[in-house]
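The next block holds one structure in the form of C-alpha cells; read it before the comments.
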Amino acid sequence: DTAVSQTPKYLVTQMGNDKSIKCEQNLGHDTMYWYKQDSKKFLKIMFSYNNKELIINETVPNRFSPKSPDKAHLNLHINSLELGDSAVYFCASSLPLAGGRYEETQYFGPGTRLLVL
Amino acid sequence: DAKTTQPNSMESNEEEPVHLPCNHSTISGTDYIHWYRQLPSQGPEYVIHGLTSNVNNRMASLAIAEDRKSSTLILHRATLRDAAVYYCILSKLIFGTGTRLQVFP
C-alpha cells in the first residue's frame, strides 16, 4: 500500500515542452506539498495546498501551475520547460495545519526525476 | 525564517551510537523541531520531532537543549541501513543541505 505515489518516476523531455507530474495520497490528509531537489541536493518547498486551496507559493515561476482536483491529488504542470527545471520533484502530504503552523509530520512520495534536454 | 545548521557529513561504525547535531539559534517559541532522513534515490522519511522535551521512538531519540537553540538526533546503534542524509528542520518547511551519515561495517 503506497501512501504517497507519484507518476511518472522518470521524465525526459525537450526544452520548451509542457509536462505534468501527478501525485496521489491515500492517507486521508488535507494538506499536500510539492518540493524541488536540485543537483546539489538542496530540498526546497514550491507549493502547499490545504483541502484544495493554495496556501504556500514560494516564488516559483508562473510556468509551474499546481492543480488539486480533490484533496487526495495534487498535480504539477510545467509549461515551456527549461534546462534549469531538471531536478527531482517530491510530493508530500500531512494532516491539516494546526493554527497555521507546520508541526505535522509529512509523508513524501518516491520522487519524479525530470531531465530537460 | 528560522534556519538550521548541520555538519555536512559524519561517519560511524556499525552498531555504534551516532549523535547528529543541529543548531537553530533563531528558533521561535512555537517552532517544532523535525528530523527527516533521505536514503539514496528515495524521498525524505520522517524520523522524529519534538518541541521542548526529549523524545524517543523506535527509530531514534531526540535531545533538545534547554534553551532550544540546538538539538541532537541520537541513533543508538547505527546500521548500514541508517546511511542517509539527515535533515533537521523547523516548522517553516525549510530543508538545509543536511548531514550525510556514512556507516562502515
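Residue count for region A:40-61, restricted to those that are of a type in the set (A, V, I, L, M) and out of contact with any Leu (no Cβ under 9 Å at 6 or more places or on another chain): 3. Note on region A:1-104: enclosed strands (runs of 3 or more DSSP E) holding 1 or more residues that are away from chain B (no Cβ under 14 Å) and in contact with an Asp or Glu (Cβ under 7 Å, 6 or more places away or on another chain) are A:73-78. Condition first: out of contact with any strand residue (DSSP E or B) (no Cβ under 8 Å at 6 or more places or on another chain) and free of Cβ contacts under 8 Å to residues at least 60 places away in the same chain. Now tell me which residues in region A:54-83 satisfy that. Once the filter is applied, which keeps residues that are out of contact with any strand residue (DSSP E or B) (no Cβ under 8 Å at 6 or more places or on another chain) and free of Cβ contacts under 8 Å to residues at least 60 places away in the same chain, region A:54-83 yields A:THR59, A:PRO61, A:ASN62, A:ASP70. Scanning region B:24-44 for residues that are surrounded by 15 or more Cβ atoms within 10 Å (Cβ to Cβ) and either out of contact with any Gly (no Cβ under 8 Å at 6 or more places or on another chain) or touching a residue at least 40 places away in the same chain (Cβ under 8 Å) (or both) gives B:HIS24, B:ILE27, B:ASP31, B:TYR32, B:ILE33, B:HIS34, B:TRP35, B:TYR36, B:ARG37, B:GLN38, B:PRO44.
Only the coordinates and a few stated rules stand behind these numbers; no lab work does. Because the structure is predicted, anything quoted here is derived from the model rather than measured. With ideal geometry, Cβ positions are generated from the backbone for all residues, glycine too; neighbour counts draw on all protein chains shown.
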